[in-house]
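Below is one structure, written out as structure tokens, with a few remarks after it.
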Amino acid sequence: MVKVVLWGSLRAAAGGTEAVEVEAGNIRSLFNKLETEYPGLEPHIKRGIAVSINGRIFRDSWDERIPENAEVYLLPRIAGG
Amino acid sequence: MAYDTNFTGQKFKVVGTRPLRPDGLDKVTGRARYGADVSAPGQLVGRVLRSPHAHAKIVKIDTSKAEKLPGVKAVITSADLPDLTNGDAGMYDILVNCMARGKALYDGHAVAAVAAVDAATARKALKLINVEYKILPHVTDVDEAVKPGAPVLHSKMFTDGVEPKPTKASNVAKRTEFGHGDVEKGFKEADVIVERSFKTEQTHQGYIEPHACLANLGSDGQGEMWVCTQGHFVYRNTCATLLGLDAAKLRVTASEIGGGFGGKTHVWAEPLALALSRKANRPVKLVMTRDEVFKASGPTSSTSIDVKIGATKDGRITAATATLRYQGGPFLGMWAELGAMTSYACYDLKNVKTVGYEVVVNRPKVAAYRAPSAPMAAFAVESVVDELAHKIGMDAVAFRIKNAAKEGTKSSYGPTYGPIGIGPTLEAAKNHPHMKAPLKKNQGRGMACGFWFNFGGQTSTSLNVTPDGSVNVSVGTIDVGGSRASMALIAAEELGVPYENVRCVVADTSSLGHNDMSDGSRVTFSSGMNTVIAARNAKKVLIQRAAKMWDIPEEAVTWEDGHAKPAGANAGNFPPLSLKEIAAAAGNTGGPIAGHNEFVADGAGVSFATHICDVELDPETGATKIIRYTVIQDAGKAIHPSYVEGQYQGGAAQGIGWALNEEYVYGKDGRLQNAGYLDYRIPVCSDLPMIDTVILEIPNPNHPYGVRGVGETSIVPPLAAIANAVSNAAGVRMTHIPMSPPRILKALDDQAKTKAKAA
């Protein structure tokens, strides 16, 4: 199981919880599980979410493996100038 | 294709040198071609009619007179741009922004456009378009927009991120929150608490080249566009979506770019030029005037920020909060969210909470501006950090060092940091001669830290070895800061050939796979990594060809100093083959020699900077002069140090303008009063000292050369560093950016009145 911490405005979409636990080996399976178990998150995932795994932020690499006991945060997909 | 992107500590021969820039001659001789420099036979002139009202219902548009004017070949309104966005809310906002649909949402919002045989006819045609408006109440100030009773821009905007979701529409599009710990408990542990509110005014990126394009779109759905942009692939995709085209059939070529800084990551009039061209069946050139650039492209947010920080007497921060209100123009943005994420990213905090509110107002659609949203948040936070250090009698640098984030710190936006560079930039500041230089009367010194994320993204690169042994690198990322030189250096390093033998070009959208934009400080990181991989792939081919020429197994060939050499006991004794010799033989060893790579570059690594600034204040006029400025920033590895220094200096220069002068001024009628460089004053050379730079190189473990992005972080600390310097010189805390002479005089005047009252 992976513990996934949600940032503020995502919490409302996941029933008000700060963190959720899902079974996922990589970012793609993480998003698939989150969409199934928390349908409120689906539009946010479609719009784009970044995932921080052990402090390293991934915006697009959905094949990235999530190690056991990794620190996982969902973050807004950052814009740049 | 398998590749290793980890930092290996490779020793460099070419990378890190400072060769001449490849675009230098073109730019100094005027040969470089910018957005407006390309023409096509039979081209028309495109012009846009814009709303003179800040907020108005469009009752009716009559274009019949304009259409009958001789020389007018096409007139378009929103009716010519049907909604093809398929429920994509962000794309729909772009469509609405390109051409108003039912309502004009700001002064300068496009309502119609024409294409005519010349500029005079086009201007005349605009005057013949009759738009009937019903003027609506407007709001342009971020604080006014959130007050009860403010004019509401969108009747269906209910604040997102709040539970339960409001049932009453408002101008607050979204609430967001970050942080950890218990701030109330933390404030109880504090010996000193400083709480202040700050405002920053809206600024424009201030690029010298206005938006310009030449669009040519046929009735068969095939077209071409030559355009000034930070991302021609993204422009292609967006325009194709808005106009119902196949992306592959729209070929976009990027011009040289006369500055972008985030403002050219977004389409503004380009879809209109394509729609006009399609309707007229002729090429259309559309060049924005400076007035249009100010009114109808994307400046940064104006903001209102409340900050509260508590610390113990020995200088440890116990709790910190910030409430950030950022306006995004009339559309939902993520600007307050970015401000909330970056506010306290420099610090190691047990208790922190930031709340952001995305606010809509009757101003242009906000776009990214270099480390978007971070400079305003840093201004507010770093001002309070400085004041807190003074209050507890601690040196401002020592206070920051004591509280700085480090490897293992839980960041204020969530994740735990890996190796980061804030500590080393602060130590370098502490030991820099600038910090010890004496100050004269009316002079003040300030310093501040800044943070930005950086990112990578989708990137496609192609490297081709020509028959004479020179090398072409084709990238899809626009060169906004010297990346063509950096890519050539990297290719030369990998292949072992001179820098002068490599030419890097920005290829058009039909020549490479999709590339994300040149934003997020990503180009040298991502295209650089891709060039390393493409060159290594080409090197494999070169080795295969040498093996064929020697008729030995390729495993028995190695690459060294630009030559294939036999390696191992049974390889034979052949003289080394140069890249040039292998290239010359390529036609008979298997054909062209090339290396390619397409990938997503993630793991850019966060970036930190510390700036030191000295100012001199004229108490009679309120004018401020920057007399010394030092930028200290971690680059991971500087591929071409001169360009890195240029990025540091450019960010500081823009920050200086933002801090002291630049400001969108709106009248009571909601119209922009200063849409031009005479009244919107960006710094010129005579306003600036030579900006000193210190490049730190703490390798990014996620890049083969250790590169971190450097383009954006340098604009984050200046507002705060200058505010701290001005506050120290004036003896009064400045809380409103820009610190223009009238605001400084008022602050001095208010302080004198307070002192007189106390006496």
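The values are calculated or read from the model by the stated rules, or taken from the named source; none is laboratory data. A quick note: this is a predicted structure, and the numbers were derived from the prediction, not measured. Reconstructed Cβ throughout: ideal geometry from the backbone, glycine too, with neighbour counts over all protein chains shown. Side chains are part of the model used for accessible areas, which takes the heavy atoms of the whole protein and leaves out ligands, DNA and RNA. Shrake-Rupley method; radii C 1.70, N 1.55, O 1.52, S 1.80 Å.
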Compute the accessible area of each residue in the range B:596-635 twice, once for its chain alone and once with every protein chain present, using a 1.4 Å probe on heavy atoms, and list those whose area falls by at least 50 Å².
B:602
Across the residues of B:344-351, average count of Cβ atoms on other protein chains within 10 Å?
0
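Can you give me the Rg/Rh ratio for the range B:616-759, using Cα atoms for both radii and the Kirkwood formula for Rh? Write out the running numbers ahead of the final one.
Working: Rg = 18.6 Å, Rh = 17.2 Å.
Rounded to two decimals, Rg over Rh is 1.08.
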Using only the Cα atoms of the range B:120-168, build the gyration tensor, take square roots of its eigenvalues as a ≥ b ≥ c, and label the shape rounded, prolate or oblate: rounded if a/c is under 1.5, else prolate if a/b is larger than b/c, else oblate.
prolate
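Longest segment of chain A with no GluC sites (Glu not before Pro) in a DSSP loop having at most 10 other Cβ atoms within 10 Å?
Values: sites that count: A:23, A:68.
With a cap of 10 other Cβ atoms within 10 Å, the longest stretch comes to A:24-67.
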With a cut-off of at most 13 other beta carbons within 10 Å, and DSSP calling the residue loop, which trypsin sites (Lys or Arg not before Pro) in the range B:257-332 qualify? Please list them.
B:313
With no solvent and one equal point scatterer placed on each C-alpha of the range B:93-177, evaluate the Debye formula and give log10 I(q)/I(0) for q = 0.20, 0.21, 0.22 Å⁻¹, two decimals.
-1.03, -1.09, -1.16
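With the other protein chains left in place, how much accessible area per residue, in square angstrom, belongs to chain B at a 1.4 angstrom probe?
Here the per-residue accessible area is 37 Å².
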Using a Cα-Cα cut-off of under 14 Å, which aspartates and glutamates could be cross-linked to residue B:350, ignoring same-chain neighbours fewer than 8 residues away?
B:182, B:184, B:189
Given labels modelled 7 Å from the Cα in the Cβ direction, how far is it in nm from residue B:59 to residue B:39?
4.3
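Give the interface area between chains A and B as buried accessible surface, both sides summed, probe 1.4 Å, in Å² to the nearest 100. Don't jump to the answer; show the numbers that get you there.
Details: alone 4790 and 29080 Å², together 31570 Å².
For A against B, buried area totals roughly 2300 Å².
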Report P(r) for the protein assembly as shown: all Cα-Cα distances, bin width 20 Å, range 0 to the bin holding the largest distance, values in whole percent.
15, 46, 32, 6, 0
Above 17 angstrom, tally the Cα pairs of the range A:2-75 and express them as a % of all pairs, no decimals.
32
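Which loop GluC sites (Glu not before Pro) in the range B:590-652, with loop taken from DSSP, have no more than 16 other Cβ atoms within 10 angstrom of their Cβ?
Working: sites: B:598, B:616, B:620, B:645; in loops: B:620.
The qualifying sites are B:620.
Which whole-number percent of Cα pairs in chain B have a distance greater than 41 Å?
Here the long-distance tail beyond 41 Å is 36 percent of all Cα pairs in chain B.
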Determine the distance separating the Cα centre of the range B:686-757 from the Cα centre of the range B:360-383; give it in Å without decimals.
15
In the range B:405-430, what residues drop by 40 Å² or more of accessible area when the other protein chains are put back, versus the chain on its own? Use 1.4 Å, and skip ligands and nucleic acids.
B:415, B:416
Out of the range B:415-494, which trypsin sites (Lys or Arg not before Pro) are coil in DSSP terms and have no more than 12 other C-beta atoms within 10 Å?
B:440, B:441
For B:123-131, B:470-478, B:378-386, ranked highest to lowest by mean beta-carbon neighbours within 10 Å, the order is B:378-386, B:470-478, B:123-131
From the helices alone, meaning DSSP H stretches of at least four residues, give me the mean residue ellipticity at 222 nm for chain B, per-run term -39500 (n - 2.57), in deg cm²/dmol to the nearest 500.
-8500 deg cm²/dmol
With the full set of protein chains present, the residues of the range A:1-30 whose 1.4 Å probe accessible area falls by 20 Å² or more relative to the chain alone are A:7, A:8, A:9, A:11, A:12
Which of the aspartates and glutamates could a cross-linker span from residue B:580 if the Cα-Cα distance has to be under 13 Å and same-chain partners fewer than 8 positions apart are dropped?
B:468, B:561
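Compute the accessible area per residue over the range A:2-75, keeping the other protein chains in place, probe 1.4 Å, unit Å². All intermediate terms of the calculation are to be shown ahead of the outcome.
Values: 3340 Å² over 74 residues.
Result: 45 Å² of accessible area for each residue.
Pull up the DSSP beta bridges for the protein assembly as shown and report the antiparallel fraction as a percent, rounded to 5.
Looking only at bridges with both residues in the protein assembly as shown, the antiparallel portion is about 75 percent.
What does the average come to when, for each residue of peptide B:453-463, you count the partner chain Cβ atoms lying within 10 Å of its Cβ?
On the way: counts 7, 3, 9, 5, 3, 2, 0, 0, 0, 0, 0.
That works out to 3 on average.
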Let me know the charge dipole size of the range B:1-75 about its Cα centre in debye, to the nearest 20, where only the beta-carbon of Lys, Arg (+1) and Asp, Glu (-1) is charged.
220
Cα-Cα longer than 31 Å, checked against A:46/B:279; B:68/B:668; B:308/B:753; B:295/B:625, kept in input order, equals A:46/B:279; B:68/B:668
If each part is reduced to its alpha-carbon centroid, the range B:1-36 and the range B:213-238 end up apart, in Å, by 26
Of B:252, B:597, B:487, which is farthest along the charge dipole of chain B in the positive direction, counting Lys and Arg as +1 and Asp and Glu as -1 at C-beta?
B:252
Along the dipole axis of the range B:623-759 (charges at Cβ: +1 for Lys and Arg, -1 for Asp and Glu; origin at the Cα centre), the most positive-end residue among B:670, B:685, B:745 is B:745
Return the lysines within reach of residue B:27: Cα separation strictly under 23 angstrom, same-chain partners fewer than 8 residues apart disregarded; answer none if there are no such residues.
B:264, B:285
Which peptide among B:683-692, B:359-368, B:748-757 comes first, and what is the full order, when sorted by highest mean count of other Cβ atoms within 10 Å?
B:359-368, B:683-692, B:748-757
Which helices of chain B meet both criteria: a Cα extent of 24 Å or more along the helical axis and a mean Kyte-Doolittle score no lower than 0.0, with helices taken as whole DSSP H segments?
B:374-391, B:523-550
Where the accessible area of the range A:2-75 is counted over protein heavy atoms with a 1.4 Å probe, how much of it, in %, is carbon and sulfur?
44
Given bins 5 angstrom wide, list per bin the percent of all Cα-Cα distances in the range B:576-655, short to long.
3, 9, 13, 11, 10, 9, 9, 9, 7, 6, 4, 3, 3, 2, 1, 0
In whole percent, the fraction of accessible protein surface over chain B that belongs to carbon or sulfur atoms, probe radius 1.4 Å, stands at 52
Give the share of C-alpha pairs in each 5 angstrom bin for the range B:244-347, from 0 to the last occupied bin, in whole percents, shortest bins first.
2, 8, 13, 16, 13, 12, 10, 7, 7, 5, 3, 3, 2, 1, 0
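For the range B:408-447, what does the alpha-carbon gyration tensor say about shape, rounded, prolate or oblate, given a ≥ b ≥ c as the root eigenvalues, a/c under 1.5 as rounded, and a/b over b/c as prolate? Please report the intermediate quantities before stating the final value.
Working: a/c = 7.57, a/b = 2.54, b/c = 2.99.
Cα axes put the range B:408-447 in the oblate bin.
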Rounded to the nearest 5, what is the percent of antiparallel bridges among the DSSP beta bridges in chain B?
75
